[in-house]
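Remarks on the structure that follows.
The values are calculated or read from the model by the stated rules, or taken from the named source; none is laboratory data. Predicted, not measured: the structure shown is a model, and the values here were computed from it. To get the accessible areas, we keep the full protein, side chains included, count just its heavy atoms, and leave off ligands, DNA and RNA. Shrake-Rupley method; radii C 1.70, N 1.55, O 1.52, S 1.80 Å.
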Amino acid sequence: MSIAVQDVSVRFGGVHALTGVSFAVEEGQTCGVIGPNGAGKTTLFDVVTGLRRPSSGSVLLRESDVTRVGAVKRSRLGLRRTFQRPQVFGRLTVLENVLTAVEWHGGGGGLAADLLALPGRRKLERARRERAADALDRCGIGDLCDAYAAELPIGQRRMVELARAIVDAPSVLLLDEPTSGLDGDQADRFAAVISKLAEDHDTTILLVEHDVGFVMKACERIVVLDLGKIIADGSPAAVREDPAVRAAYLG
């Protein structure tokens with residue numbers, strides 16, 4: 001088991017955003033979370049990534065309880081996320097955006113090595129830049145490495161965010177509306193990148209997406225939320241034919 005939520009509930013005053021949500025996703029599995037607007041999908045992501053603490057219940061990452069662990073620590077434990085609105089550093093170049101994801105490792109002698117340009121630091125920096133360039137190539141935007149992120153259209157910014165999330169291969173990757181703003185070719189590239197990530201690194205992928213066709217093709221398993229509760233959990237074929245899902249969401 002790679003990531004699990006156990007009996008998670010979130011309340012905002014008298015509003016129950018999530019009620020008793022429980023499911024687990026295995027290593028290397030790609031799982032979609034779908035449901036109508038207001039179903040609790042983004043709240044669930046906020047709980048899993050540590051941006052919001054649940055009113056009750058727990059979150060497990062590789063069998064360890066991380067319910068009270070903050071978002072930064074969870075990221076360093078291998079859990080990464082993209083957002084519904086791409087979060088990029090507009091004043092940095094595309095390459096620099098991706099490099100921010102590997103700087104936390106440190107090494108190379110620290111500030112003194114930076115100031116003196118010591119060989120160890122130069123070697124480490126070259127290696128980091130090569131990794132960042134490789135991630136950009138995999139996302140189909142290697143030719144944009146020197147462009148400023150603020151100047152890019154939303155589809156390319158989303159690919160920058162993906163490259164930043166995968167440059168240091170995560171154990172768990174959460175994707176919030178990943179195809180929003182992407183054209184057909186970019187969506188196909190996105191699907192290929194996450195499929196390869198799961199295959200090569202056993203990365204667990206959990207995605208929220210309104211494009212049901214994309215979810216059906218990209219995911220092995222689908223969890224359906226409605227009004228903060230799970231109403232279905234199974235293969236794409238089983239979910240597609242589930243009467244409760246058809247009534248609440250698919251129509």
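Here are the numbers for the structure shown:
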{"read-out": "Diffusion coefficient, µm² s⁻¹, Stokes-Einstein with Kirkwood Rh over alpha-carbon pairs of the chain at 25 °C and 0.890 mPa s", "value": "129"}
{"read-out": "Degrees separating the helix 154-166 axis from the principal Cα axis of the chain, which is the longest one", "value": "80"}
{"read-out": "Cα shape, segment 130-174, gyration tensor, a/c 1.5 rule", "value": "oblate"}
{"read-out": "Partner aspartates and glutamates for Lys41 [C-alpha distance under 13 Å; skip if fewer than 8 residues away on the same chain]", "value": "Asp176, Glu177, Glu209, Asp226"}
{"read-out": "Compactness of segment 121-200 - radius of gyration and Dmax, Cα, Å", "value": "12.8, 41"}
{"read-out": "The chain, relative contact order [Cα under 8 Å, separation at least 6], %", "value": "28"}
{"read-out": "Accessible-area composition of segment 171-247, carbon plus sulfur, in percent [1.4 Å probe]", "value": "48"}
{"read-out": "Distance between segment 23-55 and segment 224-244 - C-alpha centres, whole angstrom", "value": "14"}
{"read-out": "Per residue value of the accessible surface for the chain (all protein chains in place, 1.4 Å probe), Å²", "value": "47"}
{"read-out": "Of Leu225, Leu136, Leu152, the one that fluctuates the most in a GNM where the chain has Cα springs shorter than 10 Å", "value": "Leu152"}
{"read-out": "Distant-in-sequence amide H partners of Glu209 (H built 1.01 Å from N, under 5 Å)", "value": "Val33, Glu177"}
{"read-out": "P(r) weight above 13 Å for segment 54-104, C-alpha pairs, percent", "value": "69"}
